[in-house]
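Taking it in order: structure first as structure tokens, then the write-up.
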Amino acid sequence: MVKKVSSHLKEKADLIKRINDLSKQLETEREKSEEYVSRLKYLQADFENFGKRVNREREDIVKMSSERIVTKLLTIQDDLELAVSESQKMKVSERVSKGLSMILINFRDVLNQEGVVEIDALGKTFDPSKHEAVSFLESNKLKENTVVSELRKGYILNGKVIRPSTTEVTRKPVKRGDEPSSKVEIK
């Protein structure tokens, strides 16, 4: 009977040892599982960020390509505006003048639909991020750094200046010898 009890105790001790070993293995596997889940979450977040970055880059490429095209189209718009102005001065047939005006209006509408906005320069304070000063008009009557003439219109595409307005800007008179100059050219 003592042998039986001793054998039973040994079996019990072996079972407890086996249970402890299995518990340790289970804990190790649980830690591995948590690590895998954590890695999976990081990989999933990285993949989502990658997808967002690819989409942003694709949108930037589209914007850049449309910017190049729009910049070229602005030259055509300038030419159309000149043609409309000249047709009215030269008193070309009313139908031709009206037709050019309609083409210009449609052209502007297309550019507006693409996000092109004209920079409002005339009478505004000179802003070097939107305006390019090519000459100065000396004046005591007008506020300094006011745009008094717009030589070429400027435009913004989707919040970015794609062509600054070419302007003439006021400044205080510069004292010179005996001949005051009203206009000074910058080159």
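For the reader, a short list of remarks on this structure follows.
- Of residues in the stretch 64-84 being in contact (Cβ under 8 Å) with a residue 60 or more places away in the chain and under 13 Å from Phe107 (Cα atoms), the one surrounded by the most Cβ atoms within 10 Å (Cβ to Cβ): Val70
- Here Thr125 meets the list (1) among the hydroxyl-bearing types (Ser, Thr, Tyr); (2) in contact (Cβ under 8 Å) with a residue 24 or more places away in the chain; (3) farther than 20 Å from Leu73 by Cα almost entirely, failing just condition (2).
A quick yes/no check of all residues on (1) in contact with a helix residue (DSSP H, G or I) (Cβ under 8 Å, 6 or more places away or on another chain); (2) of a type outside the set (D, E, K, R):
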| residue | (1), (2) |
| --- | --- |
| Leu15 | no, yes |
| Asp21 | no, no |
| Glu27 | no, no |
| Lys32 | no, no |
| Ala45 | no, yes |
| Ile76 | yes, yes |
| Leu80 | yes, yes |
| Val96 | yes, yes |
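- Selection of strands (runs of 3 or more DSSP E) fully inside the stretch 85-170 by the criterion of at least 1 residues being surrounded by 13 or more Cβ atoms within 10 Å (Cβ to Cβ), at pLDDT 90 or above and more than 18 Å from the chain's Cα centre (by Cα) returns 131-138, 147-152.
- Tally of residues being free of Cβ contacts under 8 Å to residues at least 12 places away in the same chain, among the aliphatic types (A, V, I, L, M) and closer than 18 Å to Tyr155 by Cβ across the stretch 85-119: 2
- Condition check for Thr28: surrounded by 10 or more Cβ atoms within 10 Å (Cβ to Cβ), in contact with a Lys or Arg (Cβ under 7 Å, 6 or more places away or on another chain) and either at pLDDT 95 or above or β-branched (Val, Ile, Thr) (or both): no
The values are calculated or read from the model by the stated rules, or taken from the named source; none is laboratory data. Here the structure is a predicted model, which is why all the values come from computation and not from measurement. Positions of Cβ are backbone-derived with ideal geometry, glycine not excepted, and every protein chain shown enters the neighbour counts.
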